[in-house]
Amino acid sequence: MRQSQTAVLERNTTLTGEFATEPYEAAWAGEARWFVQVLDRSTEDAELTLTTQVSPDGLTWCDHDGGVHRTEGELTTWAVREFGQWLRVRGEVTPAGAQVKVRLYLAVKS
């Protein structure tokens with residue numbers, strides 16, 4: 001039987017500039033899916049750019065080969081496979097001074 005778990009990494013969090021989420025250990029999982037729900041934008045042109053990062057130890061990070069994702073609409077999602085031990089999201093809110101309020105979920109399963 002497959003195992004699954006969903007973690008809420010950011011809840012009603014206002015993001016600005018460059019940021020990274022807390023790391024999440026998912027060594028037992030074979031696949032993962034990010035869900036980013038945009039709750040509010042400070043301006044209409046506020047854009048949120050996101051990249052999955054991976055780590056062997058939860059301390060040093062590099063970008064996963066999955067590419068860059070931009071939030072479009074209320075909910076954005078993308079899958080991640082072959083990620084190793086630890087996961088997090090690195091991102092940036094543009095233009096300078098703009099803010100985006102989000103909920104960020106990570107769903108993992110074996």
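The values are calculated or read from the model by the stated rules, or taken from the named source; none is laboratory data. Computed from a predicted structure; not experimentally measured. Using ideal geometry, Cβ is built from the backbone for each residue, glycine included, and neighbour counts are taken over all protein chains shown. The protein model used for the area step is the full one, side chains on, heavy atoms only, and it has no ligands, DNA or RNA in it. Shrake-Rupley method; radii C 1.70, N 1.55, O 1.52, S 1.80 Å.
Here are the numbers for the structure shown:
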quantity: Positions within the range 47-63 being more than 22 Å from Gly97 (Cα to Cα) and part of a strand (DSSP E or B), in sequence order; calculated: Thr52, Gln53, Val54, Ser55, Cys62, Asp63
quantity: Selection count, the range 14-46, where residues are open to solvent by less than 70 Å² (accessible area, probe 1.4 Å) and in a strand (DSSP E or B); calculated: 13
quantity: Per-region count, the range 19-46, residues among the acidic types (Asp, Glu) and either touching a Phe, Trp or Tyr at 6+ places or on another chain (Cβ under 6 Å) or within 13 Å of Gln99 (Cβ to Cβ) (or both); calculated: 4
quantity: Residues that are closer than 14 Å to Glu18 by Cα and not in a strand (DSSP E or B), drawn from the range 64-110; calculated: Pro95, Ala96, Gly97, Ala98, Gln99
quantity: Residue, least open to solvent (accessible area, probe 1.4 Å), within the range 1-11, restricted to residues that are of a type outside the set (D, E, K, R) and under 14 Å from the mean Cα position of the chain (by Cα); calculated: Ala7
quantity: Residue match in the range 60-70 (condition: touching a strand residue (DSSP E or B) at 6+ places or on another chain (Cβ under 6 Å), open to solvent by less than 60 Å² (accessible area, probe 1.4 Å) and of a type in the set (A, V, I, L, M)); calculated: no
quantity: Single residue of Leu75, Leu50 found to be under 13 Å from Leu104 (Cα atoms), among the hydrophobic types (A, V, I, L, M, F, W, C), surrounded by fewer than 17 Cβ atoms within 10 Å (Cβ to Cβ) and at pLDDT 95 or above; calculated: Leu75
quantity: Matching residues in the range 99-110 - criterion: being surrounded by fewer than 19 Cβ atoms within 10 Å (Cβ to Cβ) and either among the basic types (Lys, Arg) or farther than 15 Å from Glu31 by Cβ (or both); calculated: Gln99, Lys101, Arg103, Lys109
quantity: Of all residues making up the range 78-98, the number that are touching a residue at least 60 places away in the same chain (Cβ under 8 Å), open to solvent by 10 Å² or more (accessible area, probe 1.4 Å), more than 22 Å from Glu44 (Cβ to Cβ) and not polar (S, T, N, Q); calculated: 3
